[in-house]
Structure formats: structure tokens, C-alpha cells
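Since the structure comes first, as C-alpha cells, the remarks are kept for the end.
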Amino acid sequence: MNKQNFCYFIGIDISKRFFDVAIIDKDRTASYVFENSRKGTNAFIRLLQNQKISLSNTLICMEHTGIYGKIIITKLVEKQANFCVEMPIQITKSIGLLRGKSDRVDAKRIAQYASKNYREMELYKPMAEVLEKTKILLKIRRKLVNTRADINKYPNELELFSPELGKLAKKNLKKINKNLCDEIDRVESEIKKLILSDDKLNKTVGLVTSVTGIGQITALHFTIFTNFFTRYDNPKQLACYSGVVPFEYTSGDSIHRKSRVHPMANRTLKKHLHMAALAAINHDPEIRAYFQRKVEEGKNKMLIVNNVRNKLVHRVCAVIKRQQPYVKNMA
């Protein structure tokens, strides 16, 4: 972020019905509560105007709360305000040891976090509308796929121990299965229409899917979570975000554990990368040869798969940077 000197720092703690606001003006902190609605958001903007608080020299900070923050984020983008949306754990870890908790106190802590760390923070960049729509459709698709898997789990297990009863269960779920499959196909068709409707998205997905193992759904997740690959400066950052970078774990002379990936990662992206890595091992001669060579060396298979996931991230970033499709090398 540009190291400009902000006169005001505002922390916002958002819940489903209300959002608490803390305004730091030099050594003074004022607290307010507003309804989490368009009416409440407009009241917040009027408060700033009445108190002569200009949005141009004010930094607003809030936690990422999903759909709960949608209304106020839309309003702040409209007003061209300087604001950041930070992950809750980022704020909590930076504050240190805490005692007590309330929405009012949390808003004040967020404001204090912004006042201390604004030089390292990045301003919020709105996601393109086509990505917002695609993100919603992907969530719906995931829920449909999970529902189909859940309802099929019981009859599949039942059939192992009682084939007759298992067939009865499957027969009664046949229509539900068909409806779910039809809905999944319909949602996927809508996703494809969105991709074709936007030249930038269509080109980006085409580049990413040129990497062997990366499918359309995985490519879309990459594009959405990185906002067209603008949130990360290099492949290592994206690989870390995806949870495929092993970290050293040592201390002094007594603790020397194996390096391992950290659980704090985007689990959705990590899951799709895992499936992509398995596909790449089966269909990419270079990666298949690498996998077989490492297995023969006695390496742990999951370690090798993780290395393949890391390779895929670097390949994806390379095709995006060069704006050229990936060219497969024969082993």
C-alpha cells in the first residue's frame, strides 16, 4: 500500500444483523453500531460526512466474513474508499494475548491493527462481476456434488453386507440421483456460458487448462481465488497459499522434525490441486517419469505427489506470465 499518512483509521466488526464501527482520530476512539443493511450502511457514510471525515484520508479495515460484508463492501467500492479486507487470523495473531471479547472491542482492535500495520496492508481489489457469478455457480455445483455423494454412501455400504436391501435403497434413490445429475450438468452448462461470454476469463481458463492435469473447474478456482492472478507476486506465494510448500520445523539441537506443509491454506484449492496432480502423473510423460524415479529412490509417495502439486502451480503461473499455452515435454 502507498505509505500515505492517513488521518483516521476505522475498524469494522461485521455480524449477520449489525456491524460495529470504531474510529481512531489521533488518541481518541469513538464507537458506533449500525444495522447490517443498505439503510445502516448509508447511515455510516452520513456519520462520516457529518463528522467531516474524508474517505480520501481514511483507512477502513474489516475482517473477511463472506456474504455478511457484501453490502458494506459494495458501498465502499462505490464511494472509492481506501479499505482492506483481512483474514481474521491475521488480525488475531498480530494483536497478541487477548482477554475478553465483544463486537465493540473487536472493532476497536481492528482499527488499532490498521493503524499499526497499514504500510504492509493491501487495499481491497473488487472482483470482476463474471468471477462473482462463476464463484456462486461453483459453490452450487459443489453442494450438489456433495449431496449426491452423501445420499449414495449409505446404499453403497448397505449393498456390501446385504445386496438385496442395497438394491432396494438404490432403486428408491434412482430418481433423486438422476435429478441431481441433471442439475449438475445444467450448472456446468451455465458456467461454460459465463466463460465464453468474457474474453479475459475464456483466455485465462484456456491458458491454465493447457497445463496437463488441470481441468476447467480447477482453473476457475485458481482464477477466482487469485482474482485473475493479481493477488500474488510469484509462484512461491501462490504455492504457499495453496498449501503445497513444506516448511522447516527445527529448534536448537534437540528438535529436528521433517519439513511438512502447513494446515493453514486454501483447502478447496489444495483438494483440486491434489486431483490435478494425480491426473498429471497418469497423463504427463515427464511428470510420470519423475514420479517413478522418485518412487524407485524410496521417497514417500505423498511427498512426491506434493512436489507434483508444487510443479503444477509453477507451470500455471508460467503460462499466465508468458500468456502462452503450456507445451508438453516428452520424457
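The values are calculated or read from the model by the stated rules, or taken from the named source; none is laboratory data. Quick caveat: nothing in here was measured; it's all calculated off a predicted structure. Heads up, the Cβs are rebuilt from the backbone with ideal geometry, glycines too, and the neighbour counts pull from every protein chain shown. The accessibility values were calculated without ligands, DNA or RNA, using every heavy atom of the protein model including side chains. Shrake-Rupley method; radii C 1.70, N 1.55, O 1.52, S 1.80 Å.
Numbers for the structure displayed
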| item | result |
| --- | --- |
| Candidates Ala169, Ala107 - the one that is of a type outside the set (S, T, N, Q) and closer than 30 Å to Phe6 by Cβ | Ala107 |
| Qualifying residue in region 266-277 (condition: farther than 30 Å from Arg231 by Cβ, open to solvent by 90 Å² or more (accessible area, probe 1.4 Å), free of Cβ contacts under 8 Å to residues at least 12 places away in the same chain and not hydrophobic (A, V, I, L, M, F, W, C)) | no |
| Any pair with Cβ under 6 angstrom, 6 or more apart, that starts in region 127-149 at a residue that is assigned to a helix (DSSP H, G or I) and ends at one that is open to solvent by 60 Å² or more (accessible area, probe 1.4 Å) | Leu137/Glu190; Leu144/Glu183 |
| Matching residues, region 125-135, being open to solvent by 80 Å² or more (accessible area, probe 1.4 Å) and at pLDDT 95 or above | Lys133 |
| Of the criteria (1) open to solvent by less than 30 Å² (accessible area, probe 1.4 Å); (2) without any contact (Cβ under 8 Å) to a residue 60 or more places away in the chain, which one Asn306 fails | (2) |
| Selection status of Thr226, within 27 Å of the chain's Cα centre (by Cα), under 19 Å from Leu207 (Cβ atoms), open to solvent by less than 30 Å² (accessible area, probe 1.4 Å) and β-branched (Val, Ile, Thr) | yes |
| Condition met for Ala289 (surrounded by 12 or more Cβ atoms within 10 Å (Cβ to Cβ), within 27 Å of His221 (Cα to Cα) and aliphatic (A, V, I, L, M)) | no |
| Selected residue (only one of Val187, Val244, Val211, Val261 is closer than 22 Å to Lys139 by Cα and surrounded by 12 or more Cβ atoms within 10 Å (Cβ to Cβ)) | Val187 |
| Matching residues, region 204-228, being over 22 Å from Asp284 (Cβ atoms) and in contact (Cβ under 8 Å) with a residue 60 or more places away in the chain | Ile224, Asn227, Phe228 |
| Residues satisfying the stated conditions in region 7-43, i.e. among the aliphatic types (A, V, I, L, M) and farther than 14 Å from Val105 by Cα | Ala43 |
| Among the residues listed as Arg293, Arg322, Arg257, Arg315, the single one being closer than 20 Å to Thr204 by Cβ and either of a type in the set (Ser, Thr, Tyr) or without any contact (Cβ under 8 Å) to a residue 12 or more places away in the chain (or both) | Arg322 |
| Residues located in region 107-124, provided they are in a loop (DSSP other than H, G, I, E, B) and open to solvent by 30 Å² or more (accessible area, probe 1.4 Å) | Arg119, Glu120, Glu122, Leu123, Tyr124 |
| Every residue from region 29-68 that is of a type in the set (Val, Ile, Thr) and open to solvent by less than 80 Å² (accessible area, probe 1.4 Å) | Thr29, Thr41, Ile45, Ile53, Thr58, Ile60, Thr65 |
